[in-house]
Amino acid sequence: MKGLELVKLIDLSRCTACRGCQIACKQWNNLPASKTNNFGSYQNPPDLQWNTWTLIRFQEIEGQNNKVKWLFRKDGCMHCTDAACIKVCPTQALYHTEFGSVAVDYDRCIGCKACITACPFDVPRYDSVTNKIYKCDLCYSRLKANQPPACVQSCPTGALQIGAKDEMIAKAYKRAQELGDGATVYGDKYVDGTHVIYVLPQKAAVYEKLPDRPEVPAPILVWKDVLKPLGLIATGGVIGAAIVHYVTHGPKAPIEDNSNDQGGAV
Amino acid sequence: MIKYIIDNNLIHEEYVKYYTNASFIVSPDFSFNDGLFSGFNQETGKYNKATWTTMKDEAGIPVRDYTLQDPQCVYQMLKKHYERYSLDVVSSVTGVSKEDLLTVYKAYGATGAPDKAGTECYALGWTHHTVGSQNIRCMSIIQLLLGNMGIAGGGINALRGEPNVQGSTDHAILYNILPGYLKMPTPSLQTLAEYNEKYTTKSSDPMSANWYQNYPKYSVSFLKAVFGETATPEDEFGYSWLPKMEDGKAYSIMHLFDVMLTGKVEGFVCWAANCAVSTPNSNKVRNALQKLKWMVNVNIFDNETASFWKGPGVNPANVDTECFLLPGCPTIEKQGSQANSGRLIQWAYQAANPPGDALSDGDIMMRIMDEIRALYAKEGGASPEPILNLKWDYRDAQGKFDAVKCARQIAGHYTKDVIIEDAVKGTKEVNLKGENVPGFPKLMADGSTSSGNWLCAGTFDQKGVNLMQRRGKDDPTGLGLYLNWAYAWPMNRRVIYNRASCDLNGKPYNPKRKLLEWVGDKWVGDVADGGWPPMANKEKGKYPFIMKADGVGSVFGPGMVEGPFSEHYEPMEGPLEKHPLSSRRTNPAVTIFKSEFDKFANADAKFPYVCTTYSATEHWCTGFTRWQPWLLEAMPEAYIEISEKLAGELGLKNGERVKVSSVRGSTTCVAMVTKRMTPFKVEGKTVHEVGMPFNYGWLWPEGTKDDATNLLTPSVGCPNTFCPEFKAFMVNITKA
C-alpha cells in the first residue's frame, strides 16, 4: 500500500451486518463501549459517537410486490479529496495523509467543532471530556505498517476491500454493473472524489443519512479561498477558530456534546 | 418438493436406480395409515419396527426392481406416501404462497440433472423441532432423488458452530455414543463378543463393502486407548469397565433435569454450559438445581446456572446446594483440534495465556481425576477398575495437560511390532511399536493397535507428523478440496461417498467438475471412498455408500424412530387444533415428561402467538459475551420481533417494553416492531409469529430486568436426538 493513493471499497451487496468491522474498529483504536439500550433496532450505538467511528446503519424498506428489504450501510468518514473539514480546521489538526485519507493530529485539535459543521457527511464527533473531535483515520497507523484498516481485516464476506484508487473504482463499477437492478457507485464523483467508495444496491437517495449530492458548504469556500489567504489566523488558532465558527454557523448547529454518558440514551 | 420432483420426473434416474434403495421391495406388512406407520404401540408411544423392512432373496441379497415400477418398490411407495402433499395442501399448512413454493421447487428440482449440483446447508432452524431429524431426513430423500449426495457441491451440510459442535460430536459429547460414533454399551450386552456381534453389520451381497463389518477393530482399539496396558484379551479389553446405558432409556439434558427434579441426582458437573438459560423450560431447570447436594461449574464467567441460588425468586437461605465455580478458558487460550462442517480437523494454537487461576479444560480434568484416582487407590470402592485402570498420562514435562499427547492417543498407534508379509506380492510391511497407525484400515481387533477414535486414525502419519497442522494451499482439482490443508476424517476424504459422483463405469457425471474419476486401474481426484473399481466391474466393483450395510443410499430409512418416510406433524404447541391431513396432530413417538412444570397450551386463546427463538450475531450461545462491553454495546438487551400488524393490534410502539408469557413462564424485553415479520395464513387462519433471541439472562448486564427466553419453551424434543423444540411454541404479549 505504500506510496499509493488508496480507496476503501464498501460493497453493500455483500454486507451481512455482522458488525465485525464496528467492533474491530473499537478494538484497534482503543475506543471504549457506551452504555446503550435496545431502542427497537439492531442498530447500536444509535449514531456515530466520539468513541464510535464506524457504525452499521439498519433500515427496512418495502420493495416491489411488498417484499421487504433490510438495508445495511457501514457509515463513517468518507475521506474526501476536497475535504471541508481540512479546509475549515484552524489548527491543521485535520490533514491529508500520503494515502489520500484524512487523519487527525489530536495534539493540535482545540475542540472548535468547525469540522462538525462543515462535514457534508456529518462524521466528526466531539467529546467534552477531552475537548477534541474524533473520527475514523482509515487506520493510518496500520496503513503505515502496510496493513489494511481493522474494519477491512475483520470483514468475512469481502464487502470491505482496500487498494489503489483506480483499481478500486474500476472494481466498484464492474460490481455495480454485475448487480444491475439500479445498483450504483457512490463517492468518486463528489468533493473531488472520496477515498471511501460505496457500491449501493439501491439508489443513494434511499439510504438514510447519506447525502444525495454531498458538497463543501459554500461559506467554507469563502473562508478557504478568500479569508484564509489574507492571513487572519496569524495570531494563532483561537481567533481563527472564532472566525470559522462565525462563518460556518449556518442552519446546521454542531452537536454540542457527544460524550460517553449521552451515547445511546433512548 | 418430493412430490413435485416425482410428478415432473426430475430425478437423476441412473443414480436413483443403482445408488439408492429406491428399487428395493418393501415388506407387504409395512403400511401407513392416518398419520401412523405400522407397528405403533398406543400404550408405550413407541414403534415396533419389525415391518419396516425390505425383501431379500434366498441368498440374503436385496430383491430389486430396477424398472422402479413394482407397486411395492420403495420408489412407488414413496410416490404414494407423498401424493397427499399437493401444492394447495402444502401452501395451506405452511403459509408459504404457491408461487414461492414453485419458485423453490423449480430451482432446486433442476439440480436433478446429472451434471448439476444442489447442496443443503442447515442449522438449528431445522433441528429445533419435535420433527427435527425428520426435517433433515426429508431433505436427504430429496438429495438422493436428485443425485446430490457424494458429489462436488452437494450433500446435507450441518453448519457447525464455534462451540466445535462437529468435534465434540465426533468425540462423543452426546450420551448415546462413544468416540467415533461407536455405540454405547447396555446391560443386555454383557460381553464384548455380544456387543460386537450386535453392532457389526452383515451383508450377503458381494457388491456391498459393508464397512461396519470392521466394527470390532474400532471398538477394541478404542478400549486399548482408554485402558492401555490393562486392556487385555482375558479381560475383554476392559469392556466390562465401560459405563452402561440402561436398555431403552435416554439420558438427554431434558431427561437429566427431569430426574434431577425428583431429587435423585446428588451432584452435577456443569462444564462450559449455562443450563439455567440454555435448556428449555428454565423454571423446571432452576427448580431441579435446588435439589442438588453439590454442583461444580466450569466457565469463563459467572452465569445464571452457577449463581442459580441467588436468582429471581430464590432465597439463598433455602438452598442447600454447595456450589463451586472453576475458572476455565476459551479456545484462544489453549491449543487443540477443531473440526468444522466439512469434517476438516484443523489444529488451533494458543494465542494467549489464561488469566489468573484459569486453567484449560484438560488441566482441570487432570487435577480432578488425579484426586479421584488417589481416593480410589486409598479407599477402594464399589468399582475401582474403570478408574484405576484408566490410561492417564497426558502431561508434559512441566506437569501441564499436553493436548498433543492426547491427540496422538486419539489418533492411535501400534501397541507392538506388527510385521505383515505378503508372500504372493513379495512385500513386507514393518510397523514398529509406538508408531502412529496411518489410518483406520490398519486397525486390528486383537489388541495390537490402539485408537481413541477410529475416525481420527491418520491425523498423525506413521512418523508422528501432526497432519492437522498442514496448511498446503495447492488444489489440482480446482474444486476447493485442498487435500494438503489439515486433515478431514475419514482418511482425509473431502467428500464422503464420492464414488457416487461417477457413473457405473467410473466416469464423472459432471465432466467439468471432476471430483473423482476411474483412470486405468485407480481412482484419481479426491481420496476415493474405498479403492474398489466402479460397479460395472461385476467381480470386484462395490456400491458407493460403503457405510450402509446394503451399500446404497436410504430413500427408505428404517433407522428413524418415527417412520421410514418423513411425515408432517405439527409442533407440540401450535395454532391448529387438528392436523390438516390426519388425526395424529404431533409426532407420535415424542416423549412427554410428567412433572408439574411440563404443561402445554395448544390452540389456546390465552396464548395466541407463535414464538420462535434464535441467536443474535453479536452474542455467543447463552451470552457469556454479555460480559464483553463492545458486544453488549452493540446488542444490549433482550428483544422480541413483532410485525407492524400485530404491534398495531396490541397498541405497541417500537422500543416499548413488553411481557411475554407462555403456559410455563414469562419474561420481559423490548418490542422491536419490524416489517421483516409478517402475519401469514395457515388453514385459512391468520397466524402471527414473533421471535426472540436466547442470549440473555437475569445476571448480567447489571440492573437488567429481563430473564431467559427459555423460561417460555417446553421440555420436549425430537425423539431421535432429544434436540428440544426451541423453534415453535405459543405465547401471549402484553405491555410491561
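The values are calculated or read from the model by the stated rules, or taken from the named source; none is laboratory data. Because the structure is a prediction, the values reported are computed rather than measured. Glycine gets a Cβ as well: all are built from the backbone with ideal geometry, and neighbour counts include every protein chain shown.
Structure summary
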{"item": "Helices (runs of 4 or more DSSP H) contained entirely in segment B:2-94, each with at least 3 residues that are hydroxyl-bearing (Ser, Thr, Tyr), free of Cβ contacts under 8 Å to residues at least 60 places away in the same chain and under 22 Å from residue B:112 (Cβ atoms)", "result": "none"}
{"item": "Count of segment B:651-662 residues which are within 14 Å of chain A (Cβ to nearest Cβ) and over 21 Å from residue B:616 (Cβ atoms)", "result": "1"}
{"item": "Residue that is surrounded by the most Cβ atoms within 10 Å (Cβ to Cβ), among those in segment A:24-42 that are facing another protein chain (nearest Cβ under 8 Å) and farther than 21 Å from residue B:639 by Cα", "result": "A:26"}
{"item": "Segment B:407-436 - residue that is of a type outside the set (Ser, Thr, Tyr) and in contact (Cβ under 8 Å) with a residue 60 or more places away in the chain and, of those, surrounded by the most Cβ atoms within 10 Å (Cβ to Cβ)", "result": "B:412"}
{"item": "Residue B:704 in a loop (DSSP other than H, G, I, E, B) and within 12 Å of chain A (Cβ to nearest Cβ)", "result": "yes"}
{"item": "Residue match in segment B:344-363 (condition: part of a helix (DSSP H, G or I) and touching a Ser or Thr at 6+ places or on another chain (Cβ under 9 Å))", "result": "no"}
{"item": "Condition met for residue B:150 (surrounded by 23 or more Cβ atoms within 10 Å (Cβ to Cβ) and closer than 26 Å to residue B:457 by Cα)", "result": "yes"}
{"item": "Number of positions in segment B:584-616 that are buried (at least 17 other Cβ atoms within 10 Å of the Cβ) and within 14 Å of chain A (Cβ to nearest Cβ)", "result": "2"}
{"item": "Single residue of B:547, B:635, B:572, B:560 found to be surrounded by fewer than 17 Cβ atoms within 10 Å (Cβ to Cβ) and either touching a residue at least 40 places away in the same chain (Cβ under 8 Å) or closer than 30 Å to residue B:297 by Cβ (or both)", "result": "B:547"}
{"item": "Selection from segment B:694-718 of residues that are surrounded by fewer than 24 Cβ atoms within 10 Å (Cβ to Cβ) and either on the phi > 0 side of the Ramachandran plot or under 18 Å from the mean Cα position of the chain (by Cα) (or both)", "result": "B:703"}
{"item": "Flag for residue B:534 being buried (at least 20 other Cβ atoms within 10 Å of the Cβ), more than 30 Å from residue B:338 (Cβ to Cβ) and touching an Asp or Glu at 6+ places or on another chain (Cβ under 9 Å)", "result": "yes"}
{"item": "Failed criterion for residue A:123 (all others in (1) in a loop (DSSP other than H, G, I, E, B); (2) in contact with a Cys (Cβ under 7 Å, 6 or more places away or on another chain); (3) closer than 18 Å to residue A:24 by Cβ hold)", "result": "(3)"}
{"item": "Test for residue A:71: is it more than 18 Å from residue A:150 (Cα to Cα), more than 10 Å from chain B (Cβ to nearest Cβ), part of a loop (DSSP other than H, G, I, E, B) and not acidic (Asp, Glu)", "result": "no"}
{"item": "Members of segment A:97-121 that are surrounded by fewer than 16 Cβ atoms within 10 Å (Cβ to Cβ) and closer than 29 Å to residue A:205 by Cα", "result": "none"}
{"item": "Of all residues making up segment B:367-408, the number that are closer than 28 Å to residue B:338 by Cα, aromatic (Phe, Trp, Tyr) and not in a loop (DSSP other than H, G, I, E, B)", "result": "1"}
{"item": "Single residue of B:144, B:223, B:174 found to be among the aliphatic types (A, V, I, L, M) and either closer than 26 Å to residue B:346 by Cβ or assigned to a loop (DSSP other than H, G, I, E, B) (or both)", "result": "B:174"}
{"item": "Enumeration of residues in segment B:266-276 that are surrounded by 15 or more Cβ atoms within 10 Å (Cβ to Cβ) and either among the charged types (D, E, K, R) or under 13 Å from residue B:287 (Cα atoms) (or both)", "result": "B:275, B:276"}
{"item": "Per-region count, segment A:38-68, residues in contact with a helix residue (DSSP H, G or I) (Cβ under 7 Å, 6 or more places away or on another chain) and in a strand (DSSP E or B)", "result": "3"}
{"item": "One residue from B:121, B:138 being surrounded by fewer than 17 Cβ atoms within 10 Å (Cβ to Cβ) and over 12 Å from the mean Cα position of the chain (by Cα)", "result": "B:121"}
{"item": "Of the criteria (1) at pLDDT below 95; (2) surrounded by 20 or more Cβ atoms within 10 Å (Cβ to Cβ); (3) not hydroxyl-bearing (Ser, Thr, Tyr), which one residue B:226 fails", "result": "(1)"}
{"item": "Hits in segment A:1-37 - residues which are in a loop (DSSP other than H, G, I, E, B), under 17 Å from the mean Cα position of the chain (by Cα) and not basic (Lys, Arg)", "result": "A:29, A:31"}
{"item": "Candidates B:387, B:368, B:364, B:372, filtered to the one that is β-branched (Val, Ile, Thr) and in contact (Cβ under 8 Å) with a residue 24 or more places away in the chain", "result": "B:364"}
{"item": "Segment B:663-701: number of residues that are over 25 Å from residue B:306 (Cα atoms), part of a loop (DSSP other than H, G, I, E, B), away from chain A (no Cβ under 14 Å) and in contact with a Leu (Cβ under 8 Å, 6 or more places away or on another chain)", "result": "2"}
{"item": "Condition broken by residue B:131, with the remaining ones in (1) farther than 30 Å from residue B:590 by Cβ; (2) of a type in the set (A, V, I, L, M); (3) crowded, with 22+ Cβ neighbours inside 10 Å satisfied", "result": "(1)"}
{"item": "Test: residue in segment B:563-575 that is polar (S, T, N, Q), under 22 Å from the mean Cα position of the chain (by Cα) and closer than 24 Å to residue B:734 by Cβ", "result": "no"}
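Residue-wise test of (1) within 11 Å of chain B (Cβ to nearest Cβ); (2) free of Cβ contacts under 8 Å to residues at least 60 places away in the same chain.
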residue: A:13; (1), (2): no, no
residue: A:19; (1), (2): yes, yes
residue: A:52; (1), (2): yes, no
residue: A:55; (1), (2): yes, yes
